[in-house]
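Trainee: Quick one: structure below, then a few questions.
The values are calculated or read from the model by the stated rules, or taken from the named source; none is laboratory data. Everything numeric in this text was worked out from a predicted model, so none of it was measured. Cβ placement follows ideal geometry from the backbone for every residue including glycine, while neighbour counts extend to all protein chains displayed. Please note that ligands, DNA and RNA were not included when accessible areas were found on the heavy atoms of the full protein model with its side chains. Shrake-Rupley method; radii C 1.70, N 1.55, O 1.52, S 1.80 Å.
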Amino acid sequence: MNTTRRKLMSAAGGGALLALAPYQRALAAPEFRYKYANNLPPSHPMNLRAQEAAQNIARDTNGRFELAVFPNSQLGSDTDTLSQLRAGAVEFFTLSGLILSTLVPSASISGVGFAFPGYDAVWKAMDGELGAHIRAEINSRGLIVMDHIWDSGFRQVTTSSRAISGPGDFRDLKIRVPVSPLWTSMFKALGSSPASINFNETYSALQTRVVDAQENPLAIIQTAKLYEVQKYCSMTNHMWDGFWFLGNRRAWEKLPADIREIVARHINAAGMAERADVLALNNQLQSKLAEEGLAFNTPDAEPMRDALRKAGFYASWKEKYGDKAWGLLEQSVGRLS
């Protein structure tokens, strides 16, 4: 671990804001104090890299701009914070495209089931024409968005009853999903019985067998200790999710051009570094979760895609997203519908 990473790791756990203190003491009071909110714990790479960006911005603006980081939904739920962002009460916010789709429908297309075979296809799409299309849609809603989407990771399925080896293993599976039409329709198309349950109730729902399965990135499976109430983890990579770094347009346009350039440069650099961090973290977590007792397997994704095609899942969502957005997705992942 390099010096920067060690400093970032030591900042985790609630003390991250203190990392700015040396800069604040050495520099004059800032002209601009902006708030950045997110829903992840302080120790997540997103917050570690955001704190690093905040320090770099303070340094390169000679203390004129202060970015205060509020992790772990401190300023409210995702829905509440999105409203605050639009109103200007919060200046910056990172949000999953799957949730942002309530305002920008095309934003959830990156989460289409079994679309991405791996990260090469993800970044080809999201750093390419599909990402540019979504950013244009975000901008049309009165927000600004940074150039690079941050990584949340691929989502995996854990179960208490059986490993997922093929599409038939989804049949009649009671699985917890977030409140989202895209999730619900995908698992229904595979023959499962999805139940929309708030995340803070997921552990108890698994423990009491209200549901038998759930799906999340490995980092969340680890931090929520879901391995205590699950036996199997199937590396389905069934959805990829990322976080758009959003800003309030009025607040952004108040900044002088030189400060905007510095802020954007460091936030975009932090997003790229966070991607590498998340990849490394997930590679480490599989072995750690195996030590906790989870049995891992890696099913073939192509039979899953075939099952979704036959069920009309892709055709239905192509109609919802429209030919343009769907065509841009297929440029990176190949034909789905």
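Trainee: Please state the charge dipole magnitude for the chain, taken about the Cα centre, from unit charges on C-beta atoms (+1 on K and R, -1 on D and E), reported in debye and rounded to the nearest 20.
Mentor: Roughly 320 debye, rounded to the nearest 20.
Trainee: Something else: At 7 Å along the Cα-to-beta-carbon direction for both A280 and Q331, put a label point, then send me their distance in nm to one decimal.
Mentor: Result: 3.3 nm between the two label points.
Trainee: Run the numbers for T102 and D127: contour at 0.36 nm per residue of separation, minus the present Cα-Cα distance, in nm.
Mentor: Gain on extension, T102 to D127, equals 6.8 nm.
Trainee: Which order do the peptides 130-137, 277-284 take when ranked by the mean count of other beta-carbon atoms within 10 Å per residue, highest first?
Mentor: Order by mean packing, descending: 130-137, 277-284.
Trainee: How much of the DSSP bridge set in segment 109-216 is antiparallel, in percent, rounded to the nearest 5?
Mentor: 40 percent
Trainee: Roughly to the nearest percent, how much of the accessible area of segment 55-99 is carbon and sulfur, given a 1.4 Å probe?
Mentor: 43 percent
Trainee: Then there's this: Working from Cα positions, state the angle (0 to 90°, nearest 10) between the long axis of helix 323-333 and the longest principal axis of the chain.
Mentor: Once rounded, one gets 80 degrees.
Trainee: Sticking with this structure for a sec: Ignoring any ligand, DNA or RNA, what whole percent of the accessible area of segment 166-225 comes from carbon and sulfur when the probe is 1.4 angstrom?
Mentor: Roughly 50 percent of what the probe reaches on segment 166-225 is carbon or sulfur.
Trainee: Hey, what's segment 38-91 come to in accessible area per residue, 1.4 Å probe, Å²?
Mentor: 36 Å²
Trainee: Quick one: if you stick a label point 7 Å off each Cα along the C-beta vector at T184 and S83, how many nm between them?
Mentor: Output for this residue pair reads 2.1 nm.
Trainee: Turning to a different aspect of this structure: Pairs to check: K188/K231; K174/K320; K35/K318; K231/K324. Give those whose C-alpha atoms are more than 30 Å from each other in this structure.
Mentor: Going by Cα-Cα distance, K35/K318; K231/K324 fall outside the 30 Å limit.
Trainee: Counting only DSSP beta bridges with both residues in the chain, what percent are antiparallel, rounded to the nearest 5?
Mentor: In the chain, approximately 55 percent of DSSP beta bridges are antiparallel ones.
Trainee: Next question. So how do 55-63, 108-116, 193-201, 95-103 stack up, highest first, on mean other-Cβ count within 10 Å?
Mentor: Highest-to-lowest ranking by the protection proxy: 108-116, 95-103, 55-63, 193-201.
Trainee: Quick check: with the 1.4 Å probe, what order do W244, W317 take by accessible area, largest first?
Mentor: W317, W244
Trainee: May I pose another question? If you count only protein heavy atoms with a 1.4 Å probe, what accessible area per residue comes out for segment 236-337, rounded to a whole Å²?
Mentor: 46 Å²
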